[in-house]
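Written out below as structure tokens is the structure these notes cover.
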Amino acid sequence: LELFDSNENLVGYLSNPMYSRKSKKDVLEKVIAPLYFNENTVRFLMVLLDRSRIDLLESIAEKYLQMVYDFAEIKIAQVSSAIPLTPDQELDLISRLRNRTGAKEIKLVTNVDKSLLGGLKVQIGSNVIDLSLKGQLRELATQLDTNLF
């Protein structure tokens, strides 16, 4: 996927109907040859190319990874925090999320969002756990609006 993400011209060429399948296959083979892909992976890419579906590779790979993670009971947690988390904090968070979700493993995808002011926000699938100062202030403002009127 990194190969296709880093080279938009390659994806554009391979998905352009103006070029012949033969030339597309030749280009794809030359590009992936030094990467030593598994034979099944190469065949799969060629099938996508033959069926004019190579532009769907990214969404297919994402869906495949999600299915593998579901099968292995691995959850992906998107974590936004006001400051970078230390390794100890990450391990503690993984442990707490593992207990809360029942997953065998948690993979953290972290990013820093200074607008949170403090704390963190965790998203696993469609579930969001907002422990940020910004979220707490928003909740307080909502409660004050509700109680005043």
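The values are calculated or read from the model by the stated rules, or taken from the named source; none is laboratory data. Source: prediction; values computed, not measured. Using ideal geometry, Cβ is built from the backbone for each residue, glycine included, and neighbour counts are taken over all protein chains shown. Keep in mind that these areas ignore ligands, DNA and RNA; they rest on the heavy atoms of the full protein, side chains included. Shrake-Rupley method; radii C 1.70, N 1.55, O 1.52, S 1.80 Å.
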Please get the size of the charge dipole for the chain, origin at its Cα centre, with Cβ charges of +1 on Lys and Arg and -1 on Asp and Glu, quoted in debye to the nearest 20.
320 debye
For residue 126 and residue 46 in the same chain, what is the full-extension length gain: residue separation times 0.36 nm, less their Cα-Cα distance, in nm?
25.4 nm
Give the long-range amide H neighbours of residue 132: residues separated by 5 or more places, or on another chain, with amide H under 5 Å away, using H modelled in the peptide plane at 1.01 Å from N.
120
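For the stretch 13-149, what is the convex hull volume of its Cα atoms per residue in Å³?
Cα-based convex hull of the stretch 13-149, divided per residue, equals 202 Å³.
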Measuring from the longest principal axis of the C-alpha atoms of the chain, the long axis of helix 39-50 (C-alpha) lies at a number of degrees, nearest 10, equal to 80 degrees
Given the Cα-Cα distance of residue 109 and residue 8 and 0.36 nm per residue of separation, how much length would full extension add, in nm?
33.9 nm
Under the 0.36 nm per residue contour assumption, what length would be gained going from the current alpha-carbon distance of residue 95 and residue 30 to full extension?
18.9 nm
Just need log10 I(q)/I(0) for the stretch 75-135 at q = 0.21, 0.27, 0.28 Å⁻¹, Debye formula, equal scatterers on the alpha-carbon atoms, no solvent, rounded to two decimals.
-0.77, -1.21, -1.27
Return a single number: how many Lys pairs in the chain, at a sequence separation of 8 or more or on separate chains, have alpha-carbon atoms below 30 angstrom apart.
19
For helix 133-148, report the angle its Cα long axis makes with the longest principal axis of the Cα atoms of the chain; keep it between 0 and 90° and round to the nearest 10°.
50 degrees
Under the rule a/c < 1.5 gives rounded, and otherwise a/b versus b/c splits prolate from oblate, where does the stretch 101-149 land using the Cα gyration tensor?
oblate
Using a 1.4 Å probe and ignoring any ligands, DNA or RNA, find the accessible area of residue 142 and quote it in Å² to the nearest 10.
70 Å²
If I compute solvent accessible area with a 1.4 Å probe over the protein chains, what percent of it on the chain is carbon and sulfur?
54 percent
Heavy-atom surface of the stretch 21-149, accessible at 1.4 Å and reported per residue (Å²):
73 Å²
I'd like the distance separating the alpha-carbon centroids of the stretch 1-66 and the stretch 81-132, in whole Å.
34 Å
Please build a GNM for the chain, connecting alpha carbons under 10 Å apart, and tell me which residue among 91, 14, 35 fluctuates the most.
35
For the chain, calculated [θ]222 nm from helices alone, where every DSSP H run of n ≥ 4 adds -39500 (n - 2.57)
-17000 deg cm²/dmol
Selection of trypsin sites (Lys or Arg not before Pro), the stretch 35-120, meeting DSSP coil and at most 13 other Cβ within 10 Å
51, 53, 104
Selected from 143, 84, 101, residue furthest toward positive end of dipole (the stretch 42-149; charges at beta carbon):
101
Here the stretch 71-81 yields Karplus 3J(HN,Hα) values (6.51, -1.76, 1.60; θ = phi - 60°; whole Hz; Gly and Pro given as x) of 5, 8, 6, 10, 10, 9, 10, 8, 10, 10, 9
